[in-house]
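**Student:** The structure that follows is given in the form of structure tokens.
Nothing in this text is a laboratory measurement; each read-out follows from the coordinates by a stated rule. Worth saying up front: this structure is predicted, and the values here are computed from it rather than measured. Positions of Cβ are backbone-derived with ideal geometry, glycine not excepted, and every protein chain shown enters the neighbour counts.
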Amino acid sequence: MADHTGRSTPKKRELVRLESTIEADPMKVVPLMGSEGESFRQGCYAGKTIAVFTSGGDAQGMNAAVRAVVRMGIYVGCKVYYINEGYQGMVDGNINEATWNSASGIVERGGTVIGSARCMEFREREGRKRAALNLVQRGISNLVVIGGDGSLTGANEFRLEWSSLLDDLLGDGKITPEQKEACINLNVVGMVGSIDNDFCGTDMTIGADSALHRIMEAVDAISTTAHSHQRTFVLEVMGRHCGYLALVAAISSEAEYVFIPEWPPLTTWPDQLCRKLQRRVLLIVKALLFQLKMLKGLSQKTFTRIRVSLCLAMCSGVERLLPLIVFWAVVWVPRLSSR
């Protein structure tokens, strides 16, 4: 990285500085803005162990996150494990080592290839003790959790009582002092996998963008029927206590009305919705009448006929046929009357 004169560029000098920093302390990571990954030297975390698992509801993008954890972990020298079936697999010991090839061909697949399951046993201390034993036996003291609010909350509680769990296991004679010392601290990294986009600290959760894409596909599909029959459709989307999906989908699809938990509707919302839809029709009618008044030579009889036709159209809910009705009233009716 040098300019056309052969002189060292600022970025080159920064990389040299970072390399010297890593030489002095291989465990120290100094991020370089705009060049992510360049400060991580291959094998710099050799001897460390990481386990990755998905928990809670599945979401598009979880497999891509799993692949990134596995391959980056292997690149820096870590031994990486899959915990299958979420917390249930942690309690049951359903844990196997990941390889570089095992993470191939999973990015384009939906859901999660390592599974996800609810686990009532993990809610009890005895279940968490079994989970801690399975991790310590494999030397795992670093967890990557991909899940929603409940999954990340459970991981944090597990981390807070990790020391006491190790004390119990040591007292029961299930682990040795050396094993306890090797896994004295539990480090947890959370990656928010939720289509609701309801977690603070992240702009877009894993799965939210794909969920919005699916919603728009559904809107496009029902719009044709709505236009054909002049019907109003109500589309309910997921999101629980977060209105992100509903709000963005409403804006993108030009919806007439949206209900979101952050802004609860008034008790008079049915009347407001009806008035809004009626006002939309009246605006169309008034706009057409204004344009017709500008036509020269329009007799009062024809103008009255048009107004009656427009009123009938508005009452029957076929406002999309108004231009055709106007054409019929202005052109064809006078021709038929003259015969």
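**Student:** Enumerate the calculated ³J(HN,Hα) couplings along the range 144-160 in order (Karplus 6.51 cos²θ - 1.76 cosθ + 1.60, θ = phi - 60°), each rounded to whole Hz, writing x wherever the residue is Gly or Pro.
**Tutor:** My calculation for the range 144-160 gives 10, 9, 10, x, x, 4, x, 5, 6, 5, x, 5, 5, 5, 4, 5, 5 Hz in order.
**Student:** Please work out the FRET efficiency for the pair Ala226 and Cys200, using the Cβ-Cβ distance as r and a Förster radius of 45 Å; give the result to the nearest 0.05. Can you show the working numbers first?
**Tutor:** Working: r = 36 Å, r/R0 = 0.80.
Here the calculated transfer efficiency is 0.80.
**Student:** In whole Hz, what ³J(HN,Hα) sequence does the range 220-227 give by Karplus (6.51, -1.76, 1.60; θ = phi - 60°), x for Gly and Pro?
**Tutor:** 4, 6, 7, 5, 5, 5, 4, 5
**Student:** Would you mind counting up the charge near Met238? Only other residues with Cβ under 12 Å from its Cβ, with Lys and Arg at +1 and Asp and Glu at -1.
**Tutor:** Details: positive: Arg214, Arg240; negative: Asp196, Asp198, Glu236.
Once positives and negatives cancel, what remains is -1.
**Student:** Further question on the same structure: Within the range 211-281, which GluC sites (Glu not before Pro) sit in a loop by DSSP and count at most 11 neighbouring Cβ atoms inside 10 Å?
**Tutor:** Numbers: sites: Glu217, Glu236, Glu254, Glu256, Glu262; in loops: Glu236, Glu254, Glu256, Glu262.
Passing sites in the range 211-281 are Glu236, Glu254, Glu256, Glu262.
**Student:** Further, regarding this structure: Give the peptides 47-58, 68-79 in descending order of average Cβ contacts within 10 Å, highest first.
**Tutor:** Details: 47-58: 22.7, 68-79: 18.2.
Per-residue mean Cβ counts within 10 Å order the peptides as 47-58, 68-79.
**Student:** Considering only DSSP beta bridges whose two residues both sit in the range 137-289, what percent are antiparallel, to the nearest 5? Don't skip to the answer; put the middle values down first.
**Tutor:** Details: 1 of 8 bridges.
The answer is about 10 percent antiparallel.
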